[in-house]
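Worksheet: the structure to be examined is printed underneath.
The values are calculated or read from the model by the stated rules, or taken from the named source; none is laboratory data. Since the structure is predicted, the reported quantities are computational estimates derived from the model, not experimental observations. When we count neighbours, we look across all protein chains shown, and the Cβ atoms used for this are built from the backbone with ideal geometry, even at glycine.
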Amino acid sequence: MTDNRPSRSREALTRFSLRARELDRRTSAIDAVRRLRRALPGDPGFGDPLSAAGRDSAGTVARLANRLYDDQPRTSRELGLATLQVWHSLLARTGRGGGDQTVTLLFTDLVGFSAWALRAGDEDALRLLREVASAMEPVLAKRGQIVKRLGDGLMAVYPSPQLGFAAVVAARERLADIEVAGYRPVIRAGLHVGRPRAIGGDYLGVDVNVAARLVEKAGAGEILVSEPALAGLDREQVWTRRKKTFRLTQVKGVPSDLAVYEARPRTSP
C-alpha cells in the first residue's frame, strides 16, 4: 500500500504558503496593520528613509530590512516596522533614541567665510575647513552631540545650555592659532532650548529654526542665547546683556517678544 502522507503534507504546505502570500499582499490586512501602527507608541511613519537615517539600533535594522522588500506594500513589512517603531520609541524614552526631549540646540558658522572662500579658492577653503573641524569638533562633541555639518558651520545638541555655552567658548579658543591665506576664522553661535522633533539622526521644528536664526543674527565672535536658554546658564560664570532691538522675524510659531541675549564668559574683558 502506497503511503501518500508526504505528498499530502507537501500539498498542505503549498496551500498554506499560497494563503500566506495572499494575506501578505491583501490591502485590507495592510490597512489594518497601518491603523494599528497609528495607535502604537512612536512614529507611525517610522521606516522611511528620513526616519530610519539615525545611528540607533532600530534605525539600522529598519534600513537593512527595507533592502529585503520590493516597493510593493506588504503586511509582513508593516508588522516588522510596527515592532521597530515601538523599539525606537523605547530607545527614545531611555535617552538612546533621540526622542521628544528637551534639548539645547547649538548652531555655529564662520564669519565672512563665503566671501573669503570665493577669493581664496577651493583648495585653501577646504584646508581651512579641515583645520577648523580638527580644532573645534572634538571639544564640541565632548560635551554633546554633533548632529550635522552645514558647510562652514554645524548643528549640535546638548543636555543643558551651560554645557553648550562652555563648548562654544572652548571651541572658539582653539581657533586662535589657525590662519589660511590671510583668513583667521572667527565663529558666531546661537543657543536655544526646546523640544524639537527627533527624526532619524536629525531634528526638525520651530525650535531648530529659532536656533538657526540666532546664529544668522549674531555678530563676529558673538554668542546669542534665547530667553529659554538663558534660564539654564550659570550666571556666576556667564555675563549676559539683552539685545533690546533684536526680533526673531519670519519664524512661524515664535512669539514676537521672545527675548534674546548676548552671552560672554565672566572672565572676558
- Item | Filter result for the condition that a residue is in contact with a Ser or Thr (Cβ under 6 Å, 6 or more places away or on another chain) and either at pLDDT 95 or above or within 14 Å of GLY221 (Cβ to Cβ) (or both), over ALA189, ALA176, ALA171, ALA167 | ALA189
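Identify, from the list ALA181, ALA167, ALA176, ALA141, the residue that is in the same structural domain as THR240 (by TED's automatic domain parsing) and surrounded by 15 or more Cβ atoms within 10 Å (Cβ to Cβ). Full working, then the answer.
Details: ALA181 fails: surrounded by 15 or more Cβ atoms within 10 Å (Cβ to Cβ); ALA176 fails: surrounded by 15 or more Cβ atoms within 10 Å (Cβ to Cβ); ALA141 fails: surrounded by 15 or more Cβ atoms within 10 Å (Cβ to Cβ).
Every option except ALA167 fails the conditions.
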- Query: Can you tell me which residues in segment 132-158 are at pLDDT below 95 and of a type outside the set (A, V, I, L, M, F, W, C)?
  - Reply: SER134, GLU137, PRO138, LYS142, ARG143, GLY144, GLN145, LYS148, ARG149, GLY151, ASP152, GLY153
- Query: Of the residues in segment 187-212, how many are basic (Lys, Arg) and crowded, with 23+ Cβ neighbours inside 10 Å?
  - Reply: 1
- Message: I'm trying to understand the selection: among the residues of segment 184-228, which are in contact with a His (Cβ under 8 Å, 6 or more places away or on another chain) and either closer than 25 Å to ALA117 by Cβ or not assigned by TED's automatic domain parsing to the domain that holds MET155 (or both)?
- Response: ALA211, LEU214
